[in-house]
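Peer 1: Input: one structure, supplied below.
The values are calculated or read from the model by the stated rules, or taken from the named source; none is laboratory data. What you see is a predicted model, and the numbers here were worked out from it, not measured in a lab. Reconstructed Cβ throughout: ideal geometry from the backbone, glycine too, with neighbour counts over all protein chains shown.
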Amino acid sequence: MPFRIGSLELGSNLFLSPLAGYTNLPFRLIIREIGGVGLCTTDLVNARSLLEKNRKALKLIESSPVDRPLSVQLFGAVPEEMRDAALFLEAQGVASVDINMGCPVRKVCKVGGGSAMMTEHDKTSRLVKMMVDALKIPVTCKMRLGWDDANITAPNLARVLEDVGVAAISVHGRTREQGFSGRVNLEGIHSVVKAVKHIPVIGNGDITTPEAAKMMFDQTGCSAISVGRGAFYNPWIFRHIARFLATGETPPEPDFEERVGVMSRHLGMMVEVFGEELGCRMFRKVAPWYSKRFGPAAEFNRRVVILHTRAEFDDIVNSYRTWRQQFLDDTQKLRPQYAPRDMQPSFMSAEEPEAVRRTSIPVPKGPNELW
Ligand SMILES: Cc1cc2nc3c(=O)[nH]c(=O)nc-3n(C[C@H](O)[C@H](O)[C@H](O)COP(=O)(O)O)c2cc1C
């Protein structure tokens, strides 16, 4: 469904959420190629590092002509730095700038960025206003529901931000204190939807199936959704959600060879963007997400987590293909008892979306565990 964020016209209201360490250029390109996504966002980028033209910060905003429309997420607490970094991004052709107000990581909060921004509304609105006034492209904000259950500040903050000209608000329906525990609080997101006057609210959290996406829209009244871990787990998710919302049908899961094809292309792009050595090293944590839906995959995972070269990857896939034969029936389909649990029909049923959401998406390991 076409959708607007301020002056920005988008092809769909299904967005990719920022996942630091994961939502890099190759991953965004894969998601875009598969289709259904309306806007992709980068990992969060430190505004000051960007102004200093720090090599790592510039790598985080690396893009390409097909990586459009692109939103870059900034974090920082110094208004002039945030404004100038956003102006730099605007000049680079970025479609919108997102401000991180949800990051619970100590290093970010200590300097007044991330979720600390949710606790000081006056200061935050001054910073945001300075950005909005300087930019032509839309400014959006991404927040959690609040610091903790006693401080659900998102509705008030959203209203304040709308008044200073923010074009959309994304809300992850958990508090900072909650981390990733418990379930996403749809009622909390609904209270943000009620609090704003006109701007779109983007509902976020635990969307891992088309049914969960529909539930997010229906129960919160949000006008767009964003998917983080669910997209990493299943890059087909946007296409599937779009189809489900339009027709009520859940499209068939891609088969093994299609998954392998996309995974292999993903690695190819990683190598192009990061070079063979680093690209392969980074892919060690990506490939096991694809293999979660291969059926028995121990033999594949054992080797791919120590991947060094592209040629080695092709060899791993070929020998795994042979090893996997033992689990297939005469028609080359995985025998039902070996199908991944969340792909078995009863597990995917509409009556059980909570079970799907609880069990299927772990928080990716790494320095970002606290998100
Ligand atoms: C590994 C990881 C990295 C994340 N990085 C960011 C980030 O850079 N900026 C941000 O606003 N949120 C970040 N998040 C939060 C996600 O964007 C999203 O709000 C959260 O994961 C809930 O959505 P999901 O259940 O669809 O994943 C991160 C989450 C994870 C698990």
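Peer 1: Scan MET117, MET131 and give me the residue that is over 22 Å from GLY21 (Cβ atoms), surrounded by 23 or more Cβ atoms within 10 Å (Cβ to Cβ) and touching a helix residue (DSSP H, G or I) at 6+ places or on another chain (Cβ under 7 Å). Walk me through it before giving the result.
Peer 2: Working: MET117 fails: over 22 Å from GLY21 (Cβ atoms).
Exactly one of MET117, MET131 is over 22 Å from GLY21 (Cβ atoms), surrounded by 23 or more Cβ atoms within 10 Å (Cβ to Cβ) and touching a helix residue (DSSP H, G or I) at 6+ places or on another chain (Cβ under 7 Å), namely MET131.
Peer 1: Can you tell me which residue in the range 300-313 is surrounded by the most Cβ atoms within 10 Å (Cβ to Cβ), limited to those that are within 28 Å of the chain's Cα centre (by Cα) and in a helix (DSSP H, G or I)?
Peer 2: First, pick out the residues of the range 300-313 that are within 28 Å of the chain's Cα centre (by Cα): 300-310, 313.
The next check asks that each one be in a helix (DSSP H, G or I); those that pass are 300-304, 310, 313.
Values: PHE300: 22, ASN301: 16, ARG302: 11, ARG303: 17, VAL304: 25, ARG310: 17, PHE313: 21.
The extreme case among them is VAL304.
Peer 1: When both residues are 6+ apart or on different chains and their Cβ atoms are under 6 Å apart, which pairs have a first residue that lies in the range 217-232 and is in the same structural domain as ILE34 (by TED's automatic domain parsing) and more than 14 Å from the ligand (Cβ to nearest atom), and a second that is part of a helix (DSSP H, G or I) and hydrophobic (A, V, I, L, M, F, W, C)?
Peer 2: Going by the 6 Å Cβ cut-off, the qualifying pairs are GLN219/LEU186; GLY221/VAL193.
Peer 1: I've got another one for you. For the range 210-226, how many residues meet the condition of being within 16 Å of the chain's Cα centre (by Cα) and of a type outside the set (A, V, I, L, M, F, W, C)? Outline the logic, then answer.
Peer 2: Initially, the range 210-226 is screened for residues within 16 Å of the chain's Cα centre (by Cα), giving 210, 212-213, 216, 224-226.
Remaining after also requiring of a type outside the set (A, V, I, L, M, F, W, C): 210, 226.
Result for the range 210-226: 2.
Peer 1: For the range 54-93, which residues satisfy the criterion of being part of a loop (DSSP other than H, G, I, E, B), of a type in the set (A, V, I, L, M) and surrounded by fewer than 21 Cβ atoms within 10 Å (Cβ to Cβ)?
Peer 2: Restricting attention to the range 54-93, the residues satisfying the condition of being part of a loop (DSSP other than H, G, I, E, B) are 54, 61-69, 76-78, 92-93.
Within this subset, residues satisfying the condition of being of a type in the set (A, V, I, L, M) are 61, 66, 77-78.
Those that are part of a loop (DSSP other than H, G, I, E, B), of a type in the set (A, V, I, L, M) and surrounded by fewer than 21 Cβ atoms within 10 Å (Cβ to Cβ): ILE61, VAL66, VAL78.
Peer 1: Return only the number of the condition from (1) touching a Lys or Arg at 6+ places or on another chain (Cβ under 7 Å); (2) within 13 Å of the ligand (Cβ to nearest atom); (3) of a type in the set (A, V, I, L, M) that LEU44 does not satisfy.
Peer 2: Here LEU44 clears every test but (1).
Peer 1: Taking interchain pairs and intrachain pairs at least six residues apart, which have beta carbon atoms under 6 angstrom, with the first residue in the range 100-114 and on the phi > 0 side of the Ramachandran plot and within 9 Å of the ligand (Cβ to nearest atom) and the second part of a loop (DSSP other than H, G, I, E, B) and among the hydrophobic types (A, V, I, L, M, F, W, C)?
Peer 2: Correct list of pairs: GLY114/CYS103.
Peer 1: Got at least one residue in the range 164-174 being assigned to a loop (DSSP other than H, G, I, E, B), within 16 Å of the ligand (Cβ to nearest atom), free of Cβ contacts under 8 Å to residues at least 40 places away in the same chain and small (Gly, Ala, Ser)?
Peer 2: no
Peer 1: Name every residue in the range 186-209 that is under 18 Å from the mean Cα position of the chain (by Cα) and small (Gly, Ala, Ser), in order of residue number.
Peer 2: The answer is GLY203, GLY205.
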